Every structure is written in C-alpha cells, then in structure tokens.
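Below: the structure, in structure tokens.
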Amino acid sequence: MDLRIVGEKMSIGKLKMSIYGDRLAPFLLISSLGRGVGGGFLSIGERTECEVSSVMKPSEMLGDLKILGWKVELPVRAPPPHMDELEREYPEIVELREKLRKGELDSRDEWNLRELCEATGWDEDDVKDELVNIDKDPAEREEVYVNLFNKYYGEARRLREKGDDVQAAEKLWGAITALVKAYSCRKGVFVAHWGRGKLDRFVEENVENELKEKFSDLLTFGGELHEHFFERHLPSGKFDRRWNQCTNLIDELKLRLIRR
C-alpha cells in the first residue's frame, strides 16, 4: 500500500499515522527548515502532498524524523526572490507576518501594524492580508490589488463629496499605492509599498518611459495629500489642485492598466 505524506509548515514534531479513507495517512509535522533548504521537504507557505513507495503498519507514534529513511520526492517551490530582501531589510515585517499567522500579536506588533496602515493608507484588515500573503509570487496577487484600488478610490471620492478632505486624502493615497502594487504584479516585481523610496525606485526602474512620468507625478502629488492627512498643512486651493492632478492621472492610468 502506498502512503501519502502531507507536510505542513508547523513546529518540529513527529510522524503520526491515521486512517485516511482506504489509505494510511501519516502527517509529517516538521519545521520549514529555513526557506526550504536542508532537504527541502516543504513548499513555502503551502500544503504539499507526495507519494511515498514505502509500506508501514499503523502505529501511535514513530520516532523523530523517520521520514529521512524513506525515498520521497517532493515538489519544492523556491521562495520568491523578494523574501531575501524582506528578511534583510525588514526583519520586523517577516516577524510580524509569522505572529499574525499564529495569532500572537503583542503591543509592539500592534504598534508596527498601525504604522504600516498609516504608511500605506490601507485599513488594518487589508494590511494583515498583505503580510500573511507576502511570500506569494506577485503575479498571483494582481487582482487583489486591483480590488483594493477600486475600494479606496471609491471611498476617497465619496469622502471628498462629503467635504471630508483629510480622510479623502488618505484614502486616495491608499488607492495610489494599490494601483502601483497592481502594476508591479503585472511586471512580476514585489514592492514594499510602505516605503516611499521603494515606490519611487519601482517606477524609475520598471515602468515604461511613456508611463514613468505619470506614475512619478502621481506619487509626488499623492504624497503631498498623504502628508496633509497628518499635517493638515495644505491651503484649500493647493489641496484642490493636487486632488485634481491625482484624480486625472489615476483616471488616465487605470484605463490603460487595469484589465476589465
């Protein structure tokens, strides 16, 4: 009888046998071994199944890591390149992601989460979803960011109509960062959108010349509105000009970039 091994990213444990339909289903509870190295048993962040050509009898518990003695073939998915960048430049973000997945946030984590919300213009739930899925291939996330763009752009316009310019400015910044993220996914590039410098670098290094100036201006004008959310420093006339410049650029870019 073939056995099916189901590996899940969990703390290091033991191999336990149980009945799964008409098959034996041992579950391997093992650490992710860094980023899939040291044998590469698990794909990163995903449930992995493989067929094993060994025959065993059910038992309550087998010794630690006896899987090492079996001949197995596992499809190991290499982590996206941006994970190295995150671990190097933003180790606190990687740590926050792991804590979110475990539901173990402390007061410092809550503070970091609020900081990310303020930097991105996104709601807490959307930032949490971004962090939990941050190890995904950017190409898999374009639709997520398109939906976020539509959400925040709609909210920004409604708030503006109600006369709440301060909140409207922040929602517009959230729409802008989501639009840049959506376009970066199409390019297959990860952007740490909580860093203004990262947004500017993406535009400079990855956007076509015909769109580069438009994206650059959008970040510049939108950045002023984002600052206004905190500083309330823009005179009404200048706020109106920056708002109109941003919305005109957004309306032009979205027609060209967002697939319907």
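The values are calculated or read from the model by the stated rules, or taken from the named source; none is laboratory data. Worth saying up front: this structure is predicted, and the values here are computed from it rather than measured. Neighbour counts are summed over all protein chains in view; Cβ atoms, including those assigned to glycine, are modelled from backbone coordinates with ideal geometry.
Here are the numbers for the structure shown:
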quantity: Criterion violated by Asp106 - all others in (1) of a type in the set (Asp, Glu); (2) modelled with pLDDT of 90 or more; (3) surrounded by 12 or more Cβ atoms within 10 Å (Cβ to Cβ) satisfied; calculated: (3)
quantity: Test: Gly223 is closer than 21 Å to Asp135 by Cα and either surrounded by fewer than 19 Cβ atoms within 10 Å (Cβ to Cβ) or touching a strand residue (DSSP E or B) at 6+ places or on another chain (Cβ under 9 Å) (or both); calculated: no
quantity: Enumeration of residues in segment 75-91 that are in a loop (DSSP other than H, G, I, E, B) and at pLDDT 85 or above; calculated: Tyr90
quantity: Filter pass, Ile134 being modelled with pLDDT of 95 or more, assigned by TED's automatic domain parsing to the domain that holds Trp194 and β-branched (Val, Ile, Thr); calculated: no
